[in-house]
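So the structure is just underneath, and the comments pick up after that.
The values are calculated or read from the model by the stated rules, or taken from the named source; none is laboratory data. What you are looking at is a predicted structure, and each value in this text was computed from that prediction instead of being measured. Here the Cβ positions follow ideal geometry from the backbone for every residue, glycine too, while neighbour counts run over all protein chains shown.
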Amino acid sequence: MMRSDLARFGRGFVYAWNGIRAAVQEERNFRFHLCAMVYAYAAAALAGLDAVGFALISLCVFLVLAMELVNSAIERAVDKPDTTHWWSAGAAKDMAAGAVMITAIGAVCVAVCLFGNQAAMDAIWQGVTHSPLTVVLWLTSLVAAYLFTFRYGQQKEKGNVVDEQSESE
């Protein structure tokens, strides 16, 4: 009995990982927030935040990512409802998106409190512009973040459009 409980517990982690992987592959906004996470941690390191600052950044980052996962789950759960439930489905999707937006605004407020002083801004700027190489690396990271956010997973989405068009013919 105990062995099956452990197996079931372990499968829960596999299911969770599968959900995160699906979000990375299929949800542009989740990829955007992952990139924002990298830049938030980089800014925290450059600004020399203490443990409490890193904890606040971590709390905000993981709340936004969690809300994005919940939003994606709600969108999928209520996609293409029957005609009697279309308004409720739309409202649920809008509310879930609103929850992500409110969480992201809260994260920005925390960022302003942590980085909104001259010393932090100077430290971040110095870290980014320290040498021509660091500038090139930061600019390259922005290109990589753009490609990851907006181009990763596009083939699958294009394939779905083609499949839907061929089904409608």
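Looking at this structure, is Ser4 in a helix (DSSP H, G or I), under 24 Å from Leu142 (Cα atoms) and either at pLDDT 95 or above or not charged (D, E, K, R) (or both)?
In short, no.
Tell me, yes or no, whether the range 39-53 has at least one residue that is without any contact (Cβ under 8 Å) to a residue 12 or more places away in the chain, among the small types (Gly, Ala, Ser), over 29 Å from Val143 (Cβ atoms) and surrounded by 11 or more Cβ atoms within 10 Å (Cβ to Cβ).
Within the range 39-53, none of the residues are without any contact (Cβ under 8 Å) to a residue 12 or more places away in the chain, among the small types (Gly, Ala, Ser), over 29 Å from Val143 (Cβ atoms) and surrounded by 11 or more Cβ atoms within 10 Å (Cβ to Cβ).
Quick check: is even one residue across the range 68-77 touching a Pro at 6+ places or on another chain (Cβ under 7 Å) and over 17 Å from Ala40 (Cβ atoms)?
For the range 68-77, residues touching a Pro at 6+ places or on another chain (Cβ under 7 Å) and over 17 Å from Ala40 (Cβ atoms): absent.
Any residue in the range 75-82 that is at pLDDT 95 or above and basic (Lys, Arg)?
The answer is no; no qualifying residue exists.
Has the range 7-30 got any residue that is of a type in the set (A, V, I, L, M) and either in contact with a strand residue (DSSP E or B) (Cβ under 9 Å, 6 or more places away or on another chain) or not in a helix (DSSP H, G or I) (or both)?
Looking through the range 7-30, none of the residues is of a type in the set (A, V, I, L, M) and either in contact with a strand residue (DSSP E or B) (Cβ under 9 Å, 6 or more places away or on another chain) or not in a helix (DSSP H, G or I) (or both).
Looking only at the range 1-33, filter to residues that are of a type in the set (A, V, I, L, M, F, W, C) and under 14 Å from Glu68 (Cβ atoms); which one of those is nearest to the chain's Cα centre (by Cα)?
Filtering the range 1-33 for residues that are of a type in the set (A, V, I, L, M, F, W, C) and under 14 Å from Glu68 (Cβ atoms), the one nearest to the chain's Cα centre (by Cα) comes out as Phe30.
Which one of these is surrounded by 10 or more Cβ atoms within 10 Å (Cβ to Cβ) and of a type in the set (Lys, Arg): Arg3, Arg21?
Every option except Arg21 fails the conditions.
Consider the range 74-105. How many of its residues are exposed (fewer than 14 other Cβ atoms within 10 Å of the Cβ), small (Gly, Ala, Ser) and either touching a Leu at 6+ places or on another chain (Cβ under 8 Å) or under 20 Å from Ala22 (Cβ atoms) (or both)?
1
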